[in-house]
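All remarks here apply to the structure that follows.
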Amino acid sequence: MTAKAPIPAIDDVLIRSLFGRLPPPGADWPAEAQAAWLRAAVRVFSVVYAPAEAPAIEFNEKTGQLRIAGKQIDAVTDTADTAKAA
């Protein structure tokens with residue numbers, strides 16, 4: 001059996017910690033928690049990786065809009081953010 005090559009990103013403490021926060025497969029994971037994790041991922045990736053000309057992932061804290069590679073993804077907002085806006 002051939003050993004798998006190491007994945008360099010896993011060696012980064014921020015990325016390892018971020019992925020360690022994911023719930024186990026099949027577990028309940030509310031949309032609010034998913035949005036919080038995605039926001040954290042955007043921040044971690046922007047710290048770990050050098051910025052490109054245009055960010056590949058953008059999250060607008062005020063509107064809850066997520067764009068990946070310039071394409072709009074359905075907005076997800078935290079319950080607390082929605083309550084503040086109401």
- Item | Only one of K84, K62 that is more than 27 Å from V13 (Cβ to Cβ), loosely packed, with under 10 Cβ neighbours inside 10 Å, modelled with pLDDT of 70 or more and over 13 Å from the mean Cα position of the chain (by Cα) | K62
- Note on the structure: Note on region 1-45: residues part of a loop (DSSP other than H, G, I, E, B), at pLDDT 85 or above and not charged (D, E, K, R) are L22, P23, P24, P25, G26, A27, W29, P30
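The values are calculated or read from the model by the stated rules, or taken from the named source; none is laboratory data. The model shown is predicted, which means the values in this text are computed figures rather than measured ones. Glycine gets a Cβ as well: all are built from the backbone with ideal geometry, and neighbour counts include every protein chain shown.
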